[in-house]
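Chemist: Next up is a structure, given as structure tokens.
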Amino acid sequence: MHFSGMSEEKYFEANLEFYKPIVANRCQWKNHPLGVEIYVKKKDAEFWPHLLKDKSLEKLNTVTTDWNHYVDSEEEEEKETGFDW
């Protein structure tokens, strides 16, 4: 997933390579004052041990999990809600 944008006249860009394939047309995003929130729809409902292909990038505090929107892999097919914005 690639996205870029401007904030306070500064250019930001991110390239995220997920652990496994996603369904791009089912993903959503929203801008917030302190960052971007992204809903990622996995292609297959299998367990991922981490979000990104390169797990070390998750430790940079640039990618975090919103546990309020987390869906357990066993419940994933039952509950498809996306974001409540």
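Chemist: Using DSSP to call loops (not H, G, I, E or B), can you name the GluC sites (Glu not before Pro) in the stretch 1-47 whose Cβ has at most 15 other Cβ atoms within 10 angstrom?
Modeler: GLU8, GLU9, GLU17, GLU46
Chemist: Now for a different question. List every residue whose amide H lies under 5 Å from the amide H of ILE22, counting only residues 5 or more places away in sequence or on a different chain, with H placed 1.01 Å from N in the peptide plane.
Modeler: LYS43
Chemist: What is the sum of charges, Lys and Arg at +1 and Asp and Glu at -1, for the other residues whose Cβ falls under 9 Å from the Cβ of VAL23?
Modeler: Net charge around VAL23: +4.
Every number in this text was worked out from the coordinates using simple rules, so none of it is lab data. This is a predicted model, so every value here is computed, not measured. Here the Cβ is made from the backbone with ideal geometry for all residues, glycine too, and neighbour counts use every protein chain on show.
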